[in-house]
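Asks: Starting off with a structure, shown below.
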Amino acid sequence: MVERPNVLLLIGDDHGYPYFGFTGSEIVQTPQLDLLAEEGVVFTRAYSTSNVCRPALWTLLTGLYPHQMHALVAKRTGTRFTPGRAGIAQWRDADLAYVEAIRSDPDTLPRAFARAGYATFQSGKYWEGSYRTAGFAEGMTRGAGRDAWNQLGGEGISIGRPSLKPVLDFIDSNQEQPFFVWYAQMLPHWPYNAPDRLREPYERTGVSPAAAEYYANCSWFDESVGELLEHLGRRGLRDRTLVVYVSDNGFQMESDANYGHAHGGPQGKLSTHEQSFHTPIILNYPGRIEAGRVDESLVSSADLYPTLLDYAGAQGSSRALGTSLRPRLEDRATETREHLIGSTTFVRVSESELRADASAPEPGDPWELLNREAIFHLVSEDWHYLHNQTRDERALYDVGDASPEPRNVVASHKELVGDYADRIEAWKAELLRSVGSSEVDGSRP
């Protein structure tokens with residue numbers, strides 16, 4: 001009988017690609033994640049399906065791209081979302097329809113694991129009310145509500161602040177059967193309240209106050225990962241556990257930056273730049289996945305749903321469009337992506353509007369600084385192409401352009417842009433077919 005691994009899914013929250021030791025940072029200290037990467041496989045050209053948390057988490061929970069979820073809800077409710085701030089208000093009013101879409105999905109990740117005999121546990125960022133909504137057998141998020149705290153995950157987001165006890169207790173109670181743990185600690189996400197022992201070393205390096213706080217939160221998340229891995233080791237479970245890391249979305253916080261709000265820099269979270277989607281993905285399974293390997297293949301966070309279920313021997317949703325990474329990890333892959341397509345319907349307002357709200361002691365409504373627009377993008381080896389269909393605006397950037405304001409070269413690459421536009425339209429049609437909808441995005445010009 002093939003052994004089914006325990007699965008520990010580590011989800012970073014606003015952890016930007018540049019801010020790990022293993023991705024090249026000489027400032028940010030992430031020794032536990034560095035070791036996890038060193039002893040596993042790191043996908044360096046991986047991308048989240050969203051530039052903000054909740055839609056990204058839908059993908060991890062269901063295997064569906066955010067636009068598939070939008071299409072399902074638009075089909076069920078008859079909602080035709082408008083652009084701009086009005087669209088955000090509509091989306092919030094439709095919140096329960098998204099919760100119901102998760103509740104009625106028989107193939108969510110925890111339900112698929114449960115069918116394969118796994119015990120399942122939710123902790124951390126979640127958004128969908130009770131842990132039972134997605135089919136977890138146990139969990140920390142028990143209620144629902146329209147205030148920001150409950151929408152983020154209620155008591156569930158206290159994990160790691162201050163204790164890991166609920167997760168450790170679950171592991172201890174389920175050592176005789178395979179288990180799946182959803183660990184989405186709300187770090188390095190605001191509030192930036194890491195202990196002094198983590199923040200003060202960064203302050204002594206001379207980085208900006210905002211950077212010191214953010215980097216300390218990165219190290220705080222890393223520290224909790226170390227505690228989890230150490231606990232698995234003490235229980236003799238480490239070699240039987242597949243550990244996976246991914247961030248929900250990108251983030252920007254240069255060492256000299258002092259952004260006056262919780263959204264970070266203009267190329268990060270909630271922007272349409274490549275950095276807003278870019279995340280490393282680590283897979284670590286001692287003795288089963290080759291150690292010390294760096295893979296530059298284009299990978300989506302949508303690939304994790306089929307990958308985890310592949311290792312568990314579980315059946316998932318036929319609507320999930322990701323591809324299991326297991327053949328690549330086992331050197332059995334026969335194809336390599338030439339491009340990766342994604343999308344968002346959420347985009348940040350201008351920096352001036354963000355800064356105008358910076359005096360508030362708390363973010364308040366997490367959606368009040370957003371607009372709703374239909375934006376599709378394509379990433380290839382060399383390029384990042386964007387089409388804002390709400391505004392009918394196009395952009396093309398060289399992914400190797402690390403300047404503070406990358407140059408839009410769309411006008412000088414019309415043939416390439418035409419090809420990418422056609423590929424996006426074909427992908428949208430595939431999304432529509434998968435959910436039986438005639439509306440792929442709902443956000444109208």
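The values are calculated or read from the model by the stated rules, or taken from the named source; none is laboratory data. Computed from a predicted structure; not experimentally measured. Don't worry about glycine lacking a Cβ; one is built from the backbone with ideal geometry, like all the others, and counts go over all protein chains shown.
Asks: Just checking, which of Gly322, Gly316, Gly342, Gly287 is in a strand (DSSP E or B) and either of a type in the set (Gly, Ala, Ser) or touching a His at 6+ places or on another chain (Cβ under 6 Å) (or both)?
Replies: From the options Gly322, Gly316, Gly342, Gly287, the qualifying one is Gly342.
Asks: With respect to Leu198, determine if the residue is out of contact with any Phe, Trp or Tyr (no Cβ under 8 Å at 6 or more places or on another chain) and assigned to a helix (DSSP H, G or I).
Replies: No.
Asks: Also, quick follow-up: What are the residue pairs meeting all of these: first residue in region 202-222, first residue more than 17 Å from Phe20 (Cβ to Cβ), second residue part of a helix (DSSP H, G or I) and of a type in the set (A, V, I, L, M), Cβ atoms under 7 Å, and 6 or more apart or on different chains?
Replies: Correct list of pairs: Glu203/Ala212.
Asks: Regarding region 140-151, can at least one residue be identified that is touching a Ser or Thr at 6+ places or on another chain (Cβ under 9 Å), touching a residue at least 24 places away in the same chain (Cβ under 8 Å) and closer than 25 Å to Pro191 by Cβ?
Replies: Yes: one or more hits.
Asks: Could I ask something else about it? From the set of residues in region 152-175 that are surrounded by fewer than 20 Cβ atoms within 10 Å (Cβ to Cβ) and of a type in the set (A, V, I, L, M, F, W, C), which is modelled with the highest pLDDT?
Replies: The qualifying residue modelled with the highest pLDDT is Leu168.
Asks: Here's a follow-up. Could you please let me know if Pro106 is part of a helix (DSSP H, G or I) and farther than 18 Å from Arg372 by Cα?
Replies: no
Asks: Would you say Gly143 is in contact with a strand residue (DSSP E or B) (Cβ under 6 Å, 6 or more places away or on another chain) and either at negative phi or crowded, with 16+ Cβ neighbours inside 10 Å (or both)?
Replies: When the stated conditions are applied, Gly143 does not pass them.
Asks: Any residue at all in region 44-53 that's in a loop (DSSP other than H, G, I, E, B), touching a residue at least 12 places away in the same chain (Cβ under 8 Å) and among the small types (Gly, Ala, Ser)?
Replies: yes
Asks: Give me the residue from region 81-127 that is in contact with a Ser or Thr (Cβ under 8 Å, 6 or more places away or on another chain) and among the charged types (D, E, K, R) and, out of that set, farthest from Thr59 (Cα to Cα).
Replies: Top of the filtered list is Arg103.
Asks: List the pairs whose first member sits in region 291-303 and is within 27 Å of Ser318 (Cβ to Cβ) and outside any helix (DSSP H, G or I), whose second member is β-branched (Val, Ile, Thr) and modelled with pLDDT under 95, and whose Cβ atoms are under 7 Å apart, counting only residues at least 6 apart or on separate chains?
Replies: Ser297/Thr336
Asks: So which residues in region 384-409 are within 24 Å of the chain's Cα centre (by Cα) and of a type in the set (Asp, Glu), if there are any at all?
Replies: Matches in region 384-409: Asp398, Asp401.
Asks: Just checking, does region 283-294 include any residue being among the aliphatic types (A, V, I, L, M), buried (at least 23 other Cβ atoms within 10 Å of the Cβ), out of contact with any Leu (no Cβ under 8 Å at 6 or more places or on another chain) and over 21 Å from Tyr214 (Cβ atoms)?
Replies: No, that holds for no residue.
A quick yes/no check of all residues on (1) part of a strand (DSSP E or B); (2) modelled with pLDDT of 95 or more; (3) surrounded by fewer than 19 Cβ atoms within 10 Å (Cβ to Cβ):
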| residue | (1), (2), (3) |
| --- | --- |
| Leu378 | yes, yes, no |
| Leu386 | yes, yes, no |
| Thr390 | no, no, no |
| Leu396 | yes, yes, no |
| Gly400 | no, no, yes |
| Pro404 | no, no, yes |
| Ala411 | no, yes, yes |
| Ala421 | no, yes, yes |
| Leu431 | no, no, no |
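Asks: Out of the residues in region 237-260 meeting the condition of being hydrophobic (A, V, I, L, M, F, W, C) and assigned to a strand (DSSP E or B), tell me which one is nearest to Ala56 (Cα to Cα).
Replies: That would be Val246.
Asks: Return yes when Glu425 is assigned to a helix (DSSP H, G or I), among the acidic types (Asp, Glu) and modelled with pLDDT of 95 or more and no when it is not.
Replies: yes
Asks: Looking at (1) of a type in the set (D, E, K, R); (2) at pLDDT below 90; (3) within 20 Å of the chain's Cα centre (by Cα), find the lone condition where Asp107 falls short.
Replies: Evaluating Asp107 over (1) of a type in the set (D, E, K, R); (2) at pLDDT below 90; (3) within 20 Å of the chain's Cα centre (by Cα) leaves (2) as the failure.
Asks: Which ones in region 179-198 are surrounded by fewer than 21 Cβ atoms within 10 Å (Cβ to Cβ) and over 20 Å from Phe22 (Cβ atoms)?
Replies: Hits for region 179-198 are Trp190, Pro191, Tyr192, Asn193, Pro195, Asp196, Arg197.
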